[in-house]
1. Which of the helices in the chain meet the span-like rule: DSSP H, Cα axial reach of 18 Å or more, Kyte-Doolittle mean at least -1.0?
2. Okay, helix-only estimate at 222 nm for the chain: each DSSP H run of n ≥ 4 adds -39500 (n - 2.57), divide by all residues, round to 500 deg cm²/dmol; what do you get?
3. Can you figure out the FRET efficiency of ILE25 with ALA138, using R₀ = 35 Å and their beta-carbon distance, to the nearest 0.05?
Amino acid sequence: MKCSRCHKNDTKVIESRDVTEGEAIRRRRECISCQHRFTTYERVERPQVILVKNNGTRELFDREKLLAGLYRACEKTAVTNLQLQALVADVEQQLRSCGDDEIATNRIGEMVMDGLASLDEVAYVRFASVYRRFKDIAGFEKELLQIRNRKATGVKK
């Protein structure tokens, strides 16, 4: 592994640990030459999942794009980065376990909304407003009513 500061190839691993439920390994490394410490992550390379959008176009699933959308939905909420990473890891696990090479974006949107519903109601409604493309206040009201009904009955999404 090359040092991120001096670019020499001589580094040593100081510490390793599993992250995201065994899906990746985090390694702390130190350069033998300049003693700079840095972190690397190793993930299992899996086949790419193709997303089929509503208009029929296709693109590769991008975990960073999903995370960026979740960060926007969770701004100024109590949802932590760790919780969002876990949610994305869970969505990825569901995608890989279904065995399909191509998956409709609406399935992913529902997976994400199910996860957000249990994390934070405000983040859920923000994400839903973009995902479901609310055109007026009635869309928001309908979504809020569903949240209230789930709370009243004790049913999780």
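Where a number appears in this text, it was derived from the coordinates with a stated rule and is not lab data. It should be emphasised that the depicted structure is a prediction, and the values quoted were computed from it without experimental measurement. For neighbour counting, all protein chains shown are included, and Cβ atoms are generated from backbone atoms with ideal geometry for every residue, glycine included.
1. Details: long enough: 81-98 (26 Å, -0.01); 105-119 (21 Å, 0.31); 137-153 (24 Å, -0.52).
Span-like helices in the chain: 81-98, 105-119, 137-153.
2. On the way: 5 runs with 72 residues, N = 157.
-15000 deg cm²/dmol, from helical runs alone.
3. Details: r = 48 Å, r/R0 = 1.37.
Step by step, r from the Cβ atoms, then E = 0.15.
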